[in-house]
Amino acid sequence: MPCFNEGLNARETIEAALAQRYENIEVIAINDGSIDNTAAVLDQLAREYARLRVIHLAENQGKAVALQAGAAAARSDFLVCIDGDALLDKDAAVYLVAPLLNHPRVGAVTGNPRIRTRSTLIGRVQVGEFSSIIGLIKRTQRIYGQVFTVSGVIAAFRRRALAEVGYWSPDMITEDIDISWKLQLRHWSIFFEPRALCWILMPETLKGLWKQRLRWAQGGRRGVYCQYASLVELGVPAHVAAVY
């Protein structure tokens, strides 16, 4: 769980992760150079919960680097990755890990994020967007036979698959899109599990929403640019690779 300036949310998020019904779980929180009280909150939580380990990065290096640090510290074959403000449903880890156990070529399983900020019109609109439109897209892709991207908010990975593709790229804006394409280019499948729920915070102002969606668009464009040659090498026609 990468955390950057999550002092207000860290306790609630970590306690939800520790409440998972999945057996033999450890929680690793990575403080990505926060400048608020995140470090103090995480250290206090580590004193309260033996199953929590905390890693402090000296400076903010981005989510991809924080995820790499957490993966290096983890002892398990399967990694469930969430944001620092995401609240996992108690059965989320069970549902996420099941496809990894049952299907050896599944490299990642993406969960089903739901919005918990609903105090403004923008927040309520996003509730509909995530619960209907994005969920429908993922379900359609699953019927088609391939889910194209994992959610950066909630996803589980097979460690062997991550190691094979070099883990997350630190220079990518949207590490979720990048890791999804890297896995698929090495013939790992991605699975969507709609029962793996988590509750997330989203922007509730037009300015915040614009910044978020601009970041998503820039990350997707850079991902296409970086993976374009690999897609063509695999035999994907150039005009298809450009929109993949």
The range 29-123: helices (runs of 4 or more DSSP H) wholly inside it with 3 or more residues that are touching a residue at least 24 places away in the same chain (Cβ under 8 Å) and surrounded by fewer than 20 Cβ atoms within 10 Å (Cβ to Cβ) are 63-73, 92-102
Would you tally the residues in the range 159-195 being touching a residue at least 40 places away in the same chain (Cβ under 8 Å) and out of contact with any helix residue (DSSP H, G or I) (no Cβ under 9 Å at 6 or more places or on another chain)? 2
Would you mention how many residues in the range 170-191 are surrounded by fewer than 18 Cβ atoms within 10 Å (Cβ to Cβ) and part of a loop (DSSP other than H, G, I, E, B)? 4
Just to be sure, is residue 128 at pLDDT below 55, assigned by the TED database to the domain that holds residue 76 and part of a helix (DSSP H, G or I)? yes
Could you say whether any residue in the range 19-28 is surrounded by 14 or more Cβ atoms within 10 Å (Cβ to Cβ), assigned by the TED database to the domain that holds residue 188, in contact with a strand residue (DSSP E or B) (Cβ under 6 Å, 6 or more places away or on another chain) and within 23 Å of residue 181 (Cβ to Cβ)? no
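The values are calculated or read from the model by the stated rules, or taken from the named source; none is laboratory data. Bear in mind that the values here come from a model prediction, so they are computed numbers and not experimental data. Every residue, glycine among them, receives a Cβ derived from its backbone with ideal geometry; neighbour counts consider all protein chains shown.
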